[in-house]
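In what follows, a single structure is set out as structure tokens and then discussed.
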Amino acid sequence: MFSNDRATLRRQYLDAWRKYRDGEPCTPLETMIGTVVAEHPEYHALLEDPDQAVDADWQPEGGATNPFLHMGLHLALREQVAGDRPAGIRAVHERLTRKLGDHLDAEHRMMEPLAEAMWNAQRSGGMPDEQAYLAALRGLVPRTT
């Protein structure tokens, strides 16, 4: 799932969703993608139209959310939680999920700090600041004593 080509990356989502939806054998990554897509029915119609899905542009200035970026952030968060990297993210995810009652809601809240950490790293030309990222995530669910 590594590509600098937007069309290639989007086709991977389309292929994974088709296989997942149709019950065809999937790789573990395709299963992860299929699960995320299944949890977002608002994107199903788009993904049924490969030409539109591959070619579309979503401009944040117009309030549009890029569904591929959104789903990619879900995948990134799930990988981070599974590996507990940065250390402590799994506990934050578990507490936030308990607080909100749903893992998707928890991930949606966690997306902004993840996107900000990525943006800051890109802007500075360095690696993401894991401690600042984790602190922002922990701020979503302050510990109670």
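The values are calculated or read from the model by the stated rules, or taken from the named source; none is laboratory data. These numbers come from a predicted model, not from an experiment. Here Cβ is always computed from backbone atoms with ideal geometry, including for glycine, and neighbour counts include all displayed protein chains. Heads up: the accessible areas ignore ligands, DNA and RNA and are worked out on the full protein's heavy atoms, side chains in. Shrake-Rupley method; radii C 1.70, N 1.55, O 1.52, S 1.80 Å.
Residues that are open to solvent by less than 60 Å² (accessible area, probe 1.4 Å) and without any contact (Cβ under 8 Å) to a residue 40 or more places away in the chain: list the helices (runs of 4 or more DSSP H) wholly contained in segment 1-115 that include at least 3 such residues.
6-22, 28-38, 44-47, 67-83, 89-100
Regarding residue 123, is this residue of a type in the set (D, E, K, R) and in contact with an Asp or Glu (Cβ under 8 Å, 6 or more places away or on another chain)?
no
Check 98, 11, 90 and return the single one that is touching a Pro at 6+ places or on another chain (Cβ under 9 Å) and of a type in the set (Lys, Arg).
Sole residue among the options that is touching a Pro at 6+ places or on another chain (Cβ under 9 Å) and of a type in the set (Lys, Arg): 11.
Can you find a residue that is touching a Lys or Arg at 6+ places or on another chain (Cβ under 7 Å) and either among the polar types (S, T, N, Q) or within 16 Å of residue 133 (Cβ to Cβ) (or both) anywhere in segment 48-55?
no
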